[in-house]
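First the structure, in the form of structure tokens, and then the observations on it.
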Amino acid sequence: MFLKSVFSLTFLANLKSCNKTTLALFLILNFQFMPNLCYSTPIKHEGHGGPVMGLAISTEKNLLVSTSFDYSVLVWELDEVREIKQLMGHEAAVNVANFSNSGELLATAGDDAKIFLWNFQEKAHLPSVKLILDAHTAKVVDIDFSSDDQYLASASWDHSIKIWDVETGKLVKAIYGHDGPVNSVQFSEDGQYLYSAGYDGTIRYWRLSDGDEVRTLVDNGWGVNVLVVDEAENLLLYGTIDGLMTIRSLDMQKVLIRIREEGAPVSALNYYPNDKKAVFGNMKGRIIFVDMAKMRVQKDFLAVDGPVWDAVYNSKNEAVIIGGLDDNLIEWRLKSFHSNYFLPKSNNRRFQETDALSNGALQFARKCSICHTLDSSEIGRRAGPPLLGVFGRKAGSIADYPYSDALLKSTIIWTEETISWLFEAGPEIVTPGTKMPIQKIKRNQDRLDLINFLKDATQTN
């Protein structure tokens, strides 16, 4: 690659003395090799059976963790991004993961409003559940350990921040004050205060001893989705619903970086003080990679087709690893391409396909395929069970699939009539208490086309 580049540049330096044959040869070489200079192909790591929602890294233990819409948590070896273990237990999409500062605990949280604490102390690659924290009443979207790992803070769409004792799992304190969902939370370095950001557009500073707000740091007007504070460096980083990515001094005296992309809510932010790096991601797939030492944007590129749900930096490989709508993790090696590289867009996901599909297949792609397969090859890799042989089968009857208690107790037999009823009335009526998200198909013809497609596609012989 390097020799090819030098060869082309050597021709370029001597263009003035080139004859037509030499010039033609240069142009051929240029068109052949230049795409390799400007474009890069990301590395895809397969494992999940649904969109990847959250990512966490423990460089000390050489571990990467990913969470997914498929209700699972995957543990990977960080160096090679090789899957080690699948962790199951959550009963809905898992939104976020965070290692303790010691690396001995992993916290995960999701749409089931539960927080799982996984013990990595004894066997790093075979973690066990230490505690399940269950006091929120809506999805949990952010978690943070205190610097001494004694406490865990959680931010929820039930409008609360909760503080937990990590050793006992006891709820220590509940803090209310945000007018709406709380999206992000972080302990102060001394563990005596708390920073939080919410849908109400504010970033607030709380005193933990009494749960009172000390002051409002930011009142943005639009919601604040992500937040990071570095007290030692006097830094506040945050991203908003209206597409604003900001780095400013924590004392509010100076704005250091301010980037806005209209119509692209900021959905990811992680900061690495030891490496002097920060990475932002937004809902249009854009990554802003910041060199914090020079306080400048080092890379600005379109990394995925669709939202960036989370993005982490692996300093060992100088790579950004991204979770989004795809089932796989996307790894971009930062030295493999120039800044301002933009990935061509294409709707090639199984639930976005539109070309050459019948209406029934289209309904399946849009309503079912994100959770279900048509064969039995991915039990435990999707949020829902495989549909092979579904007609005439009792609900909750596939061996080895982790059904909810509600579906295990159900007496429903899946037929044309019951499947049609499921999509007409909705799972909250037909299968109340189950994990199935609300999916309805209003038009009778669409439901009929879906059922006819499923009858053909799920036959066992």
By per-residue mean of other Cβ atoms within 10 Å, what is the highest-first order of 72-80, 51-59? 51-59, 72-80
Relative contact order in percent for the chain (Cα pairs under 8 Å, 6+ apart) equals 10
Calculate the spin-label point distance for T168 paired with D375, positioning each point 7 Å from the Cα along the beta-carbon direction, and give it in nanometres. 5.3
Multiply the residue separation of D275 and D219 by 0.36 nm, subtract the distance between their alpha-carbon atoms, and state the gained length in nm to one decimal. 17.2 nm
How much area per residue is accessible in the range 58-133 when the probe is 1.4 Å and only protein heavy atoms are counted (Å²)? 36
With viscosity set to 0.890 mPa s and temperature to 25 °C, compute the Stokes-Einstein D of the range 62-152, Rh being the Kirkwood radius across alpha carbon pairs; µm²/s, no decimals. 187
Could you compute Rg(Cα) / (2.2 N^0.38 Å) for the range 103-164, with N its residue count? 1.11
Per-residue ellipticity at 222 nm attributable to helices in the chain (runs of n ≥ 4 DSSP H, -39500 (n - 2.57) apiece, nearest 500 deg cm²/dmol) works out to -4500 deg cm²/dmol
P(r), alpha carbons of the range 78-121 - 5 Å bins starting at zero, rounded %: 6, 20, 25, 25, 18, 6, 1
First check a/c for the chain, with a ≥ b ≥ c the square roots of the eigenvalues of its C-alpha gyration tensor; if it is under 1.5, answer rounded, and if not, answer prolate when a/b is larger than b/c or oblate otherwise. oblate
With Rh as the Kirkwood radius over Cα pairs, the range 366-451 has Rg/Rh of 0.92
For 421-433, 446-458, ranked highest to lowest by mean beta-carbon neighbours within 10 Å, the order is 446-458, 421-433
Check L78: other-chain or 5+ apart residues with amide H under 5 Å from its amide H, H built from backbone geometry? L63, L64
Would you please classify the overall shape of the range 420-459 from the alpha carbon gyration tensor, given that a ≥ b ≥ c denote the square roots of the eigenvalues, rounded means a/c under 1.5, and beyond that prolate means a/b larger than b/c while oblate covers the rest? oblate
Quick one: which of 213-224, 357-368 comes out on top by average Cβ neighbours within 10 Å, and what's the full order, highest first? 357-368, 213-224
Tally up the carbon and sulfur contribution to the accessible surface of the chain as a whole percent, 1.4 Å probe, everything protein left in place. 50
Name the lysines eligible as straight-distance cross-link partners of K394: C-alpha to C-alpha under 18 Å, and not fewer than 8 places from it in the same chain. K409, K435, K455
What net charge is computed for the residues neighbouring T216, neighbours being all others with C-beta under 12 Å from the C-beta of T216, Lys and Arg scored +1, Asp and Glu -1? -2
Quick check: from the Cα gyration tensor, does the range 203-265 come out rounded (a/c under 1.5), prolate or oblate? oblate
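The values are calculated or read from the model by the stated rules, or taken from the named source; none is laboratory data. Worth saying up front: this structure is predicted, and the values here are computed from it rather than measured. Cβ atoms come from the backbone with ideal geometry, glycine included; neighbour counts cover every protein chain shown. Each accessible area value is taken on the protein alone, full model and side chains, heavy atoms only, with ligands, DNA and RNA left out. Shrake-Rupley method; radii C 1.70, N 1.55, O 1.52, S 1.80 Å.
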